[in-house]
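Read the structure below first, then the notes.
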Amino acid sequence: MQRAALSAICGAARVPPSRFFRVSPPVVVAAADKEALLELRRRTGLPFVQCREALRRCGGELGQAEAWLQEQAQRQGWSKATQVRGRRTREGLVGLLREGPAAVMVEVNCETDFVARNAEFQRLVEQAALGTMAHCRAAAAPAASCTKHLLQADELAQLRTGPEGALLSDRLALAIGKLGENVTLRRAAWLRVPEEDGYISAYAHGWLPATAPVAMGTYGALVAFQVTEPNPTAATLEEVGRKVAQHVVGMAPTAVGTPQDQPRGEDETRLLAQSFLLDPELTLGQFLGARGAMAVRDFLRFRCGEEIHAGPTEPG
């Protein structure tokens, strides 16, 4: 009765019924488009509401919707970055990537370990490692020596994630926009050895399992070796290299030293003169001498959140 009376009134006054009843907007993303919505959510990690809006704006075209979302997220990320700039970032991850005779290590920081466990943050660490590796590969290096290079935050931010990839500074903005707290690209470094007689080991220590090409943890170490015996097995190189890298993480040496160095007690900071972490009855130099096959040329060690002291960038 009420509807009939209202219709009569509307007809008499020529007032559209929508003035009295709320008319629901048409459903833009139909059931057939749910797959596109789910795929866009999977690609971007953004909320369904934003993904639906992007599809609406782009007429259901998935590629255009993804590009629009990335542009919006980046813009919002830069805005968010200005709000959170200056907030302390003591947590985060160290990421390591090894490819043949080259290996890189990066440190990316955030405010809380909760964010460090987030897949979006870990993607940023991976992108930073990939960008640093591309930079390392492009740099000229003497063919017969071990080289080490350090990158500060501003240099790291200007690297790209690939030949056609975005700047890491843009990737950082996207991550800040999605994660909602301050994130910083702190530093990066690489080691590279001659292909004919060099080997690099890498070790990441922390709570994150090393299931991806880029290993991650709260500590990391890279160790460059010269292979001193012909045709050692890959298993020998991997085993000895990993043990030495673990020692570097645990004992925090500051220089390589020489096999002739005599230990100076618990405060020893020369790598080869330190008591070996896995067998304190031996020095690390004695362990390597007994195993043969490898000699340490240089190393790098990062601890997430540590104070950074300027040091040499060449082997020492």
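Values quoted throughout were computed directly from the atomic coordinates according to the rules given, and no laboratory measurement underlies them. Because the structure is a prediction, the values reported are computed rather than measured. Cβ: placed from backbone, ideal geometry, glycine included. Neighbour counts: every protein chain shown.
Can you pull out the chymotrypsin sites (Phe, Trp or Tyr not before Pro) in segment 165-268 whose DSSP state is coil and whose Cβ has at most 15 other Cβ atoms within 10 Å?
Trp207
Please report, in whole Å³, the volume per residue of the convex hull around the C-alpha atoms of segment 101-146.
79 Å³
For segment 181-316, report the translational diffusion coefficient in µm²/s to the nearest whole number, using Stokes-Einstein at 10 °C, 1.306 mPa s, and a Kirkwood Rh over Cα pairs.
In µm²/s, the coefficient rounds to 101.
Between Arg87 and Gln72, how many nm apart are label points set 7 Å from Cα along the C-beta direction?
Each label point is offset 7 Å from its Cα along the Cβ direction, giving 2.2 nm.
Need one number for segment 150-247: average projected area of the convex hull over its C-alpha atoms, nm².
Value for segment 150-247: 8.4 nm².
As an exercise, identify the GluC sites (Glu not before Pro) in segment 176-205 lying in DSSP coil whose Cβ has no more than 12 other Cβ atoms within 10 Å.
Those satisfying the criteria are Glu195, Glu196.
Kindly provide the trypsin sites (Lys or Arg not before Pro) of segment 263-294 that DSSP labels as loop, not H, G, I, E or B, and whose Cβ sees at most 11 other Cβ atoms within 10 Å.
Hits after loop and neighbour filter: Arg264.
In nm, to one decimal, how far is the modelled label at Leu278 from the one at Ala153, with both set 7 Å along Cα→Cβ?
Once both label points are built, they end up 3.7 nm from each other.
Give me the aspartates and glutamates in straight-line cross-link reach of Lys178: C-alpha distance below 13 Å, same-chain residues under 8 apart excluded.
Those aspartates and glutamates meeting the cut-off are Glu71, Glu120, Asp170.
Enter the per residue convex hull volume of segment 251-308, computed from alpha-carbon coordinates, in Å³ rounded to the nearest integer.
It comes to 100 Å³ per residue, whole-number rounded.
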